[in-house]
Amino acid sequence: MRKMRSPSAPWRAAALLATVLLVSSATACGNSDTGGSAADDGKLTLGFSQVGAESGWRTANTISIKDSAAAAGIELKFDDAQQKQENQIKAIRNFIQQKVDVIAFSPVVESGWDTVLKEAKDAGIPVILTDRSVDSADKSLYKTFLGSDFVKEGRLSGEWLIANAKTTSGPVNIVELQGTTGSAPANDRKKGFAEAIAANPNLKIVASQSGDFTRAGGKQVMEQFLKANTKIDVLFAHNDDMGLGALEAITAAGKVPGKDITIITVDAVKDGMQALADGKFNFIAECSPLLGPQLMDLAKKVDAGQEVPARIETEETTFTQAQAKEALPNRKY
Ligand code: GYE
């Protein structure tokens, strides 16, 4: 954190110079302790409010952010909101109070952010949305949104099913495990998938419920689905973790995952890719959690008052079982 905010970049250069001078004079006096606090070390301070630790994706995302901040020389104030919007709002207010230079966050749900975003704007602190977006009509409340196209992930999942489902012998019953209710990836993946499968009226979603993006949630809801529906042909899970949880329920019900029930998920984290390579999943639409390096770059740019694109989309692909086998040895997360 720096004591003044504006003009930020030139001020930091001056602060850095002052720090260098201080350090060298301290060293000259035989005192290697600079005595400098985080408050005046001239480093860019980024306040980051993370959703939680609900999935393998989230863990990889947190590591990426922490590692990239360290590599970029950015002081990171990291807060885990435990999947609660109220915690995120509290964290953002704390960051404002601490006068961080930039705030970034991954909004747990899409709605209800205008007030706190306005507070950040009034305090002159730029905000970056990462991973998930908000539905605020006022786009001036944040500088940019870095993350995936979740509608596309849902659509690619649905298109794979259109191409691979055996619909000639009657209807194909699909159950859907949704992500956290009200979150952008749950809303958008549901939408993209539904739009794609509408091309074949034999593909029917017979049950759809939230498993909150967790393994435990996926398992529990899949157990209910299996009890309530005698014929389930396909599971579309909004992330790998819920799919992995559902595997346990499917096996316990005496069915063979990947054969009796076709399983499509999103993310492509290691455990998901392993299940795909092992033939337990059938298809994964990738969603990359490695957003750290781009986020740090953006934080530096917005702090320096530079223009950044309003939307930066993550590049990603899809995996079949054969492709997962090939990609797995080099998978980083
Ligand atoms: O797909 C899921 C996580 O927002 C893209 O959140 C992220 C999603 C990801 O819990 O595993």
Flagged in the range 118-153 as out of contact with any strand residue (DSSP E or B) (no Cβ under 6 Å at 6 or more places or on another chain), surrounded by fewer than 20 Cβ atoms within 10 Å (Cβ to Cβ) and charged (D, E, K, R), in numbering order, are Lys118, Glu119, Lys121, Asp122, Asp135, Asp138, Lys139, Lys152
Residue match in the range 168-184 (condition: more than 14 Å from the ligand (Cβ to nearest atom) and either part of a helix (DSSP H, G or I) or touching a Cys at 6+ places or on another chain (Cβ under 9 Å) (or both))
no
Hey, any hits in the range 271-286 for a residue that's within 18 Å of the chain's Cα centre (by Cα), touching a residue at least 12 places away in the same chain (Cβ under 8 Å) and more than 22 Å from Ile174 (Cβ to Cβ)?
yes
Are there any pairs, at least 6 apart or on different chains, whose C-beta atoms fall under 8 Å, with the first in the range 125-140 and under 13 Å from Glu313 (Cβ atoms) and assigned by TED's automatic domain parsing to the domain that holds Asp114 and the second open to solvent by less than 10 Å² (accessible area, probe 1.4 Å) and more than 16 Å from the ligand (Cβ to nearest atom), and if so, which?
Leu129/Thr144
Within the range 257-302, the count of residues that are farther than 21 Å from Ile74 by Cβ, open to solvent by 70 Å² or more (accessible area, probe 1.4 Å), out of contact with any Leu (no Cβ under 7 Å at 6 or more places or on another chain) and more than 13 Å from the ligand (Cβ to nearest atom) comes to 3
Determine if the range 294-309 includes at least one residue that is touching a strand residue (DSSP E or B) at 6+ places or on another chain (Cβ under 7 Å), part of a loop (DSSP other than H, G, I, E, B) and over 24 Å from Ala268 (Cβ atoms).
yes
Looking at the range 233-256, which of its residues are outside any strand (DSSP E or B), open to solvent by less than 10 Å² (accessible area, probe 1.4 Å) and away from the ligand (no atom under 16 Å from the Cβ)?
Ala249, Ile250
Tell me yes or no: at least one residue of the range 311-325 is in a helix (DSSP H, G or I) and open to solvent by less than 10 Å² (accessible area, probe 1.4 Å).
yes
Take the range 185-202 and flag every residue that is aliphatic (A, V, I, L, M) and within 13 Å of the ligand (Cβ to nearest atom).
Ala186
All but one of (1) open to solvent by 50 Å² or more (accessible area, probe 1.4 Å); (2) away from the ligand (no atom under 13 Å from the Cβ); (3) in contact (Cβ under 8 Å) with a residue 12 or more places away in the chain; (4) more than 16 Å from Phe281 (Cα to Cα) hold for Leu156, so report the exception by its number.
(4)
Looking at this structure, is Asp303 over 21 Å from the mean Cα position of the chain (by Cα), within 23 Å of Val100 (Cβ to Cβ) and touching a residue at least 60 places away in the same chain (Cβ under 8 Å)?
yes
List every residue pair whose Cβ atoms sit under 7 Å apart, with the two residues 6 or more apart in sequence or on different chains, where the first one lies in the range 189-207 and is under 12 Å from Ala165 (Cβ atoms) and the second, anywhere, is part of a helix (DSSP H, G or I) and open to solvent by less than 20 Å² (accessible area, probe 1.4 Å).
Ala196/Gly158; Ile197/Gly158; Ile197/Leu161; Leu203/Leu161; Leu203/Ile197
Select from the range 203-230 the residues that are outside any helix (DSSP H, G or I) and either modelled with pLDDT of 95 or more or within 16 Å of the ligand (Cβ to nearest atom) (or both) and list them in ascending order.
Leu203, Lys204, Ile205, Val206, Ala207, Ser208, Gln209, Ser210, Gly211, Asp212, Phe213, Thr214
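The values are calculated or read from the model by the stated rules, or taken from the named source; none is laboratory data. None of these values were measured; they are calculated from a predicted model. No Cβ is skipped: glycine too gets one built from the backbone with ideal geometry, and neighbour counts run over all protein chains shown. Note: areas computed on protein heavy atoms with side chains; ligands, DNA, RNA excluded. Shrake-Rupley method; radii C 1.70, N 1.55, O 1.52, S 1.80 Å.
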